[in-house]
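Engineer: What follows is a single structure, and I will ask about it in a moment.
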Amino acid sequence: MATLKRDRSEGCALVVGVGASRGIGAALCRRFAAGGLHVYAAGRSGKFGEAVEDIRSRGGSITPVIVDTTDARSVQSLFERIDGEGRALELVAYNVGKNTPRSFLTTTPEFLEEVWREGPLGGLLIGREAVRRMLPHRRGTLLYTGASGSLRGKALYGAFASGKAGLRALALGFAQEFGPQGIHVGHVVVDGLVAGERVDRFGYGFGFFFRQTKGRDGALLPDAVAENYWQLHRQPRGAWTHELDLRPYRETY
Ligand SMILES: NC(=O)c1ccc[n+]([C@@H]2O[C@H](COP(=O)([O-])OP(=O)(O)OC[C@H]3O[C@@H](n4cnc5c(N)ncnc54)[C@H](OP(=O)(O)O)[C@@H]3O)[C@@H](O)[C@H]2O)c1
């Protein structure tokens with residue numbers, strides 16, 4: 001495995017919504033660490049332990065932090081921790097969201113509310129604190145992870161799509177309000193299945209079906225997704241992307 005660049009110390013990235021090594025969150029941490037930033041990897045459970053160890057073992061600089069982005073106090077203490085360590089916050093990626101299917105017949109108010117709390121509410125709480133720290137420097141990048149549901153609902157994914165569509169609208173608002181002050185806000189529509197833990201977890205169910213129909217190349221590769229986030233961060237401000245859609249090359253539309 002490639003060695004990661006050492007921390008430049010002065011700058012840091014925050015990835016919110018980090019889970020297993022093969023997910024997008026962990027891939028973002030790897031890429032940002034490889035770019036020389038100290039990375040704060042924030043997740044709700046300790047699932048990211050393996051990813052953190054992997055990055056450290058290759059010379060990357062990373063701090064794991066537990067956060068629940070649906071809880072304003074938890075978000076506040078995440079940022080207080082980052083503030084306390086004195087690095088300039090250059091890049092924040094809000095990656096929280098789970099693509100849980102649910103029939104409208106069994107969609108409870110609690111389920112819908114949870115989707116919204118993980119989407120627009122968490123996106124607001126994280127985005128607001130990130131921008132507060134970037135504005136004095138008039139630079140920084142704030143990226144949101146979307147999904148196919150950001151653009152359209154579909155059977156069983158209507159509730160999920162409502163949260164992702166709300167997050168997308170929020171991201172555009174952030175871009176319009178803070179772009180002119182030097183903050184690059186992007187929304188990435190991950191328009192397809194990610195070749196991560198979920199595909200394998202379902203084994204002879206979903207994963208098998210998926211491989212038979214599309215093959216592994218029919219899914220998005222987390223490290224390739226992460227490379228795009230890094231390129232967004234590196235874009236010169238004379239030509240900024242606000243929204244980027246990513247899909248596997250074998251997508252038939
Ligand atoms: N996987 C796909 O096929 C796919 C496809 C299109 C778009 N996306 C989008 O990609 C993003 C996730 O990427 P991924 O699926 O590869 O997963 P991932 O990055 O491996 O994991 C995301 C992590 O976010 C954490 N999380 C959930 N709610 C949270 C909260 N309130 N506060 C803090 N952390 C929280 C989860 O922790 P817990 O496990 O503890 O809840 C999970 O480990 C989501 O925005 C999703 O909508 C995924």
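The values are calculated or read from the model by the stated rules, or taken from the named source; none is laboratory data. Keep in mind that what you see is a predicted model, and the values were worked out from it rather than measured. Cβ sites come from the backbone with ideal geometry, for glycine too, and all protein chains shown count toward neighbours. We work out accessible area using only protein heavy atoms, side chains counted, and drop any ligands, DNA or RNA first. Shrake-Rupley method; radii C 1.70, N 1.55, O 1.52, S 1.80 Å.
Engineer: Find the helices (runs of 4 or more DSSP H) located wholly in the range 12-96 whose residues include 3 or more that are within 15 Å of the ligand (Cβ to nearest atom) and surrounded by fewer than 16 Cβ atoms within 10 Å (Cβ to Cβ), and list them.
Structural biologist: 72-85
Engineer: Consider Leu105 against the criteria (1) more than 22 Å from Gly140 (Cβ to Cβ); (2) within 15 Å of the ligand (Cβ to nearest atom): it satisfies all of them except one. Which criterion is unmet?
Structural biologist: (2)
Engineer: Just need a number here: residues in the range 99-142 that are open to solvent by 20 Å² or more (accessible area, probe 1.4 Å), of a type in the set (Gly, Ala, Ser) and assigned to a helix (DSSP H, G or I).
Structural biologist: The qualifying residues number 0.
Engineer: So for the range 119-130 (the condition being over 19 Å from Tyr229 (Cβ atoms), touching a residue at least 60 places away in the same chain (Cβ under 8 Å) and within 13 Å of the ligand (Cβ to nearest atom)), does at least one residue qualify?
Structural biologist: No.
Engineer: In addition: Would you check if there is a residue in the range 30-38 being touching a strand residue (DSSP E or B) at 6+ places or on another chain (Cβ under 7 Å), at pLDDT 95 or above and either over 26 Å from Gly140 (Cα atoms) or of a type outside the set (A, V, I, L, M, F, W, C) (or both)?
Structural biologist: yes
Engineer: Counting only residues that are among the charged types (D, E, K, R) and not in a helix (DSSP H, G or I), which one in the range 143-202 is nearest to the ligand (Cβ to nearest atom)?
Structural biologist: Ranking the qualifying residues of the range 143-202, first place goes to Asp191.
Engineer: Would you mind telling me which numbered condition in (1) open to solvent by 10 Å² or more (accessible area, probe 1.4 Å); (2) at pLDDT 95 or above; (3) not basic (Lys, Arg) Phe209 fails?
Structural biologist: Condition not satisfied by Phe209: (2).
Engineer: Right, another one. Could you give every pair whose Cβ atoms fall below 6 Å, whose first residue belongs to the range 60-83 and is within 13 Å of Arg117 (Cβ to Cβ) and of a type in the set (D, E, K, R), and whose second residue is near the ligand (Cβ under 9 Å from one of its atoms) and in a loop (DSSP other than H, G, I, E, B), counting only separations of at least 6 or pairs across chains?
Structural biologist: Asp68/Arg44
Engineer: Moving on to the next point. Can you say whether Lys5 is open to solvent by 40 Å² or more (accessible area, probe 1.4 Å), outside any helix (DSSP H, G or I) and modelled with pLDDT under 95, as far as the supplied structure shows?
Structural biologist: It is true that Lys5 is open to solvent by 40 Å² or more (accessible area, probe 1.4 Å), outside any helix (DSSP H, G or I) and modelled with pLDDT under 95.
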